[in-house]
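Novice: Have a look at this one.
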Amino acid sequence: MNYFRDKVIWITGASSGIGEALALQLSASGARLILTSRNENALQQVKSQCTGPAAVLPADLSAGPFHDLVQAAISEYGKIDILINNAGIGQRATAEATSEAVLRRIMELDFYAPVLLTQAIIPHFRENGGGQVVVTGSMAGLMGVPRRTAYSAAKHAAMGYFESLQTEHDIPGFSITIISPGRVRTNLSLNALHGNGARHGQMDEGQEKGIPAATCARKIIQAISRQRKHVVIAGEEKWLWWMRKFIPPLYYTIARKYGSKDV
Ligand SMILES: NC(=O)c1ccc[n+]([C@@H]2O[C@H](COP(=O)([O-])OP(=O)(O)OC[C@H]3O[C@@H](n4cnc5c(N)ncnc54)[C@H](OP(=O)(O)O)[C@@H]3O)[C@@H](O)[C@H]2O)c1
């Protein structure tokens, strides 16, 4: 756990779920944290449970300017070592029912925000002799999932961007870790968007059966400390990913069967 001692770690989506669990565990490992999401009160709650230094930096990441936000984050401790792009929003609607506004809202937060924050922080990492970017993708970023067309597209796009960046960058000491979780028991389904922008407001059965956020966070932290390029963190649904890879017709049959359900 010494890997994280005194490191400055900026976590987006830190008010809830996976981000909150990351904050608590990284704080216990001696990291100095910057916590970002929209809900300042919830961030203060997370901060109050942290055992080490933590700064609250509220922001709506569905809109820039990202350069100013990065400068504000750097000014908290004078540097950033690790950026964890974790904020995200889900979807519960068919492609046909999903309005353009919802499609764009999901792309803004799940694709553009991690990309533009990363672009804005790279010069800092270049000057400081390195740094780490982590992005919470999804198993839906590795395969198509019913009623998640916009979400899956945004996560696929993020996967493509960050994997390409891994192959291209020439910054010494800089690494990128992409995390593809399966189902994790968080508020993701409660906060997911219907096609008209309404909040889904339900804890779906599949979400409920997901692995605990603390377990997911522990595995993410392990992947960060090992500077892994890509890890899939999931319970038994991991077999769907293998099925999609090796027996695609069976995957499509199963996915279509559940296509109309909130799973
Ligand atoms: N749970 C799963 O099964 C699962 C599976 C695969 C991938 N993931 C990914 O894991 C990440 C974390 O999700 P979670 O499961 O922990 O869900 P969650 O409990 O709903 O947390 C989502 C976080 O994102 C923040 N957020 C939402 N909209 C935002 C905005 N416009 N600007 C800034 N922050 C915003 C929320 O905080 P505020 O409301 O305070 O803004 C919250 O902290 C997401 O990227 C999600 O796609 C989750």
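The values are calculated or read from the model by the stated rules, or taken from the named source; none is laboratory data. Just so it is clear, the structure is predicted and the values come from calculations on it, not from any experiment. Heads up, the Cβs are rebuilt from the backbone with ideal geometry, glycines too, and the neighbour counts pull from every protein chain shown. Calculation scope for accessible area: heavy atoms of the full protein, side chains included, ligands and nucleic acids excluded. Shrake-Rupley method; radii C 1.70, N 1.55, O 1.52, S 1.80 Å.
Novice: Looking at the P(r) of the chain, how many percent of alpha-carbon pairs lie beyond 23 Å?
Specialist: Of the Cα pairs, 49 percent sit more than 23 Å apart.
Novice: Right, next: Within the chain, what whole-number % of the accessible surface is contributed by carbon and sulfur, with the 1.4 Å probe and all protein chains included in the calculation?
Specialist: 51
Novice: Oh, and also: To the nearest 10 square angstrom, what accessible area does K47 show with a 1.4 Å probe?
Specialist: The accessible area comes out at roughly 80 Å².
Novice: With a 1.4 Å probe and every protein chain left in place, work out the accessible area per residue of the chain in Å², rounded to a whole number.
Specialist: Heavy-atom accessible area per residue stands at 46 Å².
Novice: Compute the Cα gyration tensor for segment 1-79, then decide on rounded, prolate or oblate, letting a ≥ b ≥ c be the square roots of its eigenvalues: rounded whenever a/c is under 1.5, prolate when a/b is larger than b/c in the other cases, and oblate in all that remain.
Specialist: The shape class here is oblate.
Novice: Given H placed on each backbone N at 1.01 Å, which residues far from G131 in sequence or on other chains put an amide H within less than 5 Å of it?
Specialist: Under 5 Å from the amide H of G131 lie the amide H atoms of F174, S175, each far enough along the sequence or on another chain.
Novice: I've got another one for you. Provide the convex hull volume over Cα atoms per residue for segment 114-263, in Å³.
Specialist: 122
Novice: Still on this structure, please answer the following. I'd like to know how segment 33-185 sits against the 2.2 N^0.38 Å rule of thumb: what's its Cα Rg over that expected value?
Specialist: 1.08
Novice: Another question, then. Looking only at M159, M143, M243, which one moves most when the chain is put into a Gaussian network model with springs between Cα atoms under 10 Å?
Specialist: M243
Novice: Using 0.36 nm per residue of separation minus the Cα-Cα distance, give me the extension gain between S48 and Y258 in nm, one decimal.
Specialist: This chain segment gains 71.5 nm when fully extended.
Novice: What are the ³J(HN,Hα) values, in whole Hz, obtained from phi via the Karplus relation 6.51 cos²θ - 1.76 cosθ + 1.60 with θ = phi - 60°, for each residue of segment 102-118 in sequence order, with x given for Gly and Pro?
Specialist: In residue order, the calculated couplings are 5, 4, 5, 4, 5, 5, 4, 7, 8, 10, 5, 4, x, 5, 6, 5, 5 Hz.
Novice: Let me ask something else about it. Going by amide H atoms built from the backbone, whose H comes under 5 Å of the H on V56, apart from near neighbours?
Specialist: Those lying under 5 Å, H to H, from V56 are L35.
Novice: Pairs to check: K209/K245; K7/K238; K47/K209; K79/K209; K229/K257; K79/K245. Give those whose C-alpha atoms are more than 30 Å from each other in this structure.
Specialist: Over 30 Å apart, Cα to Cα: K7/K238; K79/K209; K229/K257; K79/K245.
Novice: In Å and whole numbers, how far do the C-alpha atoms of segment 206-263 stretch along each principal axis, longest first?
Specialist: Projected onto the principal axes, the Cα atoms of segment 206-263 cover 38, 27, 14 Å.
Novice: When you count, for each residue, the other Cβ atoms within 10 Å and take the mean per peptide, how do 144-154, 36-46 rank with the highest first?
Specialist: Highest mean packing first, the order is 144-154, 36-46.
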